[in-house]
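Just below is one structure, and these are the notes that go with it.
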Amino acid sequence: MLMVAAIVGLLGALVAGVGAYLPTNRYQATATTVPCRRVVCIPVLKASAVIDALKAKGHPCEQERDHHWKCELMVGTLTFETTIEEVEGLISDVSVLVVRPPDEEPTEAVMDYLLWLAALPYTADEALTEEINDWVVDRIEADEDAEAEIGGYNYYVVTSNPGSIRLRVIGALR
Amino acid sequence: MSTGNWLDARAGGARLSRRGVLVGGGLLVGGGLLLAGCGGRERPSIESRDVGSDRDRNKRRLREILDRQTEAVKNKDEKAYLADLDSSNSDLVEHERMVFANLRQFEFAEFGYNTRRVAAHGDYTFGPVFRITQLTADESPVGAAPAETFRYRLAPKDGRLVIAEITPASPGDQKDALLSGPPADEAWNMTPLRVVQAADNVWLVGDDSVPDLEKFAAAAAAEAAIVRRLWEGRARFPGDVMYLTRDDDNYRRWFSLGKSSNFLPEISGFQTSRTGVRQNGQVYSDQRAGAAILINLKNIRDYYSGEDPRVTMHHELAHSVTAQLRATPSIISDLGSPTWAVEGFATWATGVRWPSEASRYRSQLRNGLGSFKGLPSSKDFYGAKRSLNYLLGWSVFAYIAQIKGREAAVEFYAQVIPLNDTLEPFVELPIFDGICERTLGTSAGAFLEGWQRFVRRGAGA
């Protein structure tokens, strides 16, 4: 019960922050990638905003090395770990790892957490977000490792380690 | 569209129901097409790659093998444990047969393999694979179980994939991404062992140089009970495991002891700690996940008639029983708990057990005091002046026991060891002053003055 409350609260804060930055859902008005050094990054959304939002919701965040952050929350038998690579203040590589008891189906809170990440680059596009959600959910349900290129981003789903699901979104090389 | 609605939709809609997914997806794909029709930038699409790669399949196969080996250890089934090895590699099979024969004798609270951080090199090589080996002696609320790190190479053989190579991590492998983690240097990986239970959660482990392992059981049980009583109800690992040998090579190899900066081949015993891995695969070095004792009976023979290991056992038990509270090296300091406290307490505990030992320490200190300036630093504690350093450490606790009693000495130690030593004198830190006030009712300055007087006047009766 505590777990669900904590995670839903987290999502609320994050998505509210994201929404404020992306006022439109029209592609003609909003770029979906922005060049940052040798890769592409998620436009506008600052890495610090996501980290601050995670911290505000009780995730201890540590800067493990330059431009690399890790935020980890353990709630009961669940571990939620977000890692963020920052380039020029923006996000070039973000992943979440959810660790749970191996024999249990992912709960709604676990799926919410994963889908929050999946949606980060395309928050403004409700339809594409839903497609991405479906793709992620399908792969997790099928218990398959998967890769896809979506716009300028590479998406990875790793389910082959029992008890853990990793979803990673990396800005493609330019 | 409002952000609030978006959130509400996700919070209620994300679940693993295929029907829900298909219905939701179908509706929204329509919406997506509508958006695309508005013109402007081309809308991204999902380009799935070929995901059924050999690498993924091979990784799954490795996981299956590891799961079967886990069951085999639990069921003490050697045939099942060896079934997925490359049978043409007799060295590998024989080595794993030995490991299995060793492992089956231990009592595990948790045994298995953690592959959560596994990466691949090519399609067949995977690591780091953490073997979780939490003994009942190591159970603790730390939240990390002792682990060893390996890299596995699979190979096709007769139409199936088998384990072709298992590479253990050594302390020097930490920069190798596939071997990064606690070293795989437990004695059970190296030497045929025999395990004897000496008492409730007291275990003796010996190699073939100790055919008389049982002979030491009574001493191990008695010393463990005495040290545990001294430590009272403070945090500790529930059990104690002592490895005994008369073989200098094993003494050097086990737990990478010979690679340790303070290893000296003539020392009669060491206590080593086990590093843990958390359920999410993170190596957890903020606390110890277990402890073990190594004793070289051959070295003891040089000091104690009849190869009596009790003094060494007692000293090392004082380390291992209290290991859970000891600081681990951190970013701020890699020194760990002040060594004068760690070695001083173990030496003092041995002197409490045998007053004749305490008398010996006292007279050695009187003879070796020389130009005594204060407590030794952790940095070169085990250097040329180590004998004197041990004795100075002992004298701190002997002094406290004399002025405040034995319990105060134990409590003082329990409050010092969770802290890392620093390059500036630890005893000048404000936190040390606080410890002195709390446990001795005096300031650090007054305590140190009193202790120096005690040492200069001959360290007690």
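State the extension gain, in nm to one decimal, for the chain segment bounded by residue B:229 and residue B:70, taking 0.36 nm per residue of separation less the distance between their alpha-carbons. Write out the running numbers ahead of the final one.
Details: separation 159, 0.36 × 159 = 57.24 nm, distance 3.61 nm.
Gain in length upon complete extension: 53.6 nm.
Over segment B:117-201, accessible surface divided per residue gives 39 Å², non-protein components excluded, 1.4 Å probe.
Considering every alpha-carbon pair of segment B:54-185, the percent of pairs per 5 Å bin, from zero through the bin containing the longest distance, is 2, 11, 19, 24, 22, 14, 6, 2, 0, 0.
Shown in residue order for segment B:93-105 are the 3J(HN,Hα) couplings computed by the Karplus curve 6.51 cos²θ - 1.76 cosθ + 1.60 at θ = phi - 60°: 5, 5, 5, 5, 4, 5, 4, 4, 4, 6, 4, 5, 8 Hz (x for Gly and Pro).
Residues whose amide H lies under 5 Å from that of residue A:161, counting only those 5 or more places away or on a different chain, are absent; hydrogens are built 1.01 Å from N in the peptide plane.
Note that segment A:20-174, at 10 °C in a medium of 1.306 mPa s, gets a Stokes-Einstein diffusion coefficient of 100 µm²/s from its Kirkwood radius over C-alpha pairs. Find the centroid of the Cα atoms in segment B:273-311 and in segment B:347-382, then give the distance between the two in whole Å. The two parts, judged by their Cα centres, are 22 Å apart. Taking label positions 7 Å along the Cα-Cβ direction at both residue B:303 and residue B:217, the computed distance is 2.6 nm, reported to one decimal.
Annotation for the B:A interface, with buried accessible surface near 4700 Å², both sides summed [1.4 Å probe; non-protein components not counted].
Test of understanding: express the Cα radius of gyration of segment B:84-128 as a ratio to 2.2 N^0.38 Å, with N the residue count. The partial results should precede the final answer.
Details: Rg = 13.7 Å, N = 45, 2.2 N^0.38 = 9.3 Å.
Compactness ratio reported: 1.47.
Secondary structure note: in segment B:54-185, about 95% of the DSSP beta bridges are antiparallel.
From the gyration tensor of the Cα coordinates in the protein assembly as shown, what semi-axes in whole Å does the equivalent ellipsoid have, largest first, with each one equal to sqrt(5λ)?
Working: eigenvalues 594, 194, 71 Å².
Value: 55, 31, 19 Å, ordered largest first.
For residue B:147, the residues whose modelled amide H falls within less than 5 Å of its own, excluding neighbours fewer than 5 places apart on the same chain, are B:133, B:275, B:277. Of all DSSP beta bridges confined to segment B:240-373, the antiparallel ones make up roughly 65%.
The calculated FRET efficiency for the pair residue A:143 and residue B:121, based on their C-beta separation and a Förster distance of 30 Å, comes to about 0.80. When both segment B:89-125 and segment B:152-197 are represented by their alpha-carbon centers, they are found 6 Å apart.
Dividing the C-alpha radius of gyration of chain B by 2.2 N^0.38 Å, with N its residue count, gives 1.24. Computed from backbone phi, the HN-Hα couplings of segment B:315-322 come to 4, 5, 5, 4, 6, 6, 5, 9 Hz, rounded to whole numbers (Karplus: 6.51 cos²θ - 1.76 cosθ + 1.60, θ = phi - 60°; Gly and Pro given as x). Working value for segment B:327-461: equivalent-ellipsoid semi-axes of 22, 17, 14 Å, each the square root of 5 times a Cα gyration tensor eigenvalue, largest first. Cα to Cα, under 17 Å, and not fewer than 8 places away if on the same chain: which aspartates and glutamates meet these conditions relative to residue A:55? Partners found: A:64, A:72, A:81, A:85, A:86.
Quick check: the distance between the Cα centres of segment A:101-118 and segment B:218-244, to the nearest angstrom? Centre-to-centre distance over Cα atoms comes out at 43 Å.
Each residue of segment B:233-245 was assigned a 3J(HN,Hα) from its phi angle through the Karplus expression (A = 6.51, B = -1.76, C = 1.60, θ = phi - 60°), giving x, 5, 4, 7, 5, x, x, 9, 10, 10, 9, 10, 8 Hz with x at Gly and Pro.
Computed from the Cβ-Cβ distance with R0 of 45 Å, the FRET efficiency linking residue A:104 to residue B:264 stands at 0.35. Scanning residues 5 or more positions from residue B:198 or on other chains, those with amide H under 5 Å from its amide H are B:203, B:204, with H placed 1.01 Å from N in the peptide plane.
The values are calculated or read from the model by the stated rules, or taken from the named source; none is laboratory data. Quick caveat, the model's predicted, so the values are computed rather than measured. Every residue, glycine as well, gets a Cβ built from its backbone with ideal geometry; the counts of neighbours run over all protein chains shown. Side chains included, ligands, DNA and RNA excluded: accessible areas come from the protein's heavy atoms. Shrake-Rupley method; radii C 1.70, N 1.55, O 1.52, S 1.80 Å.
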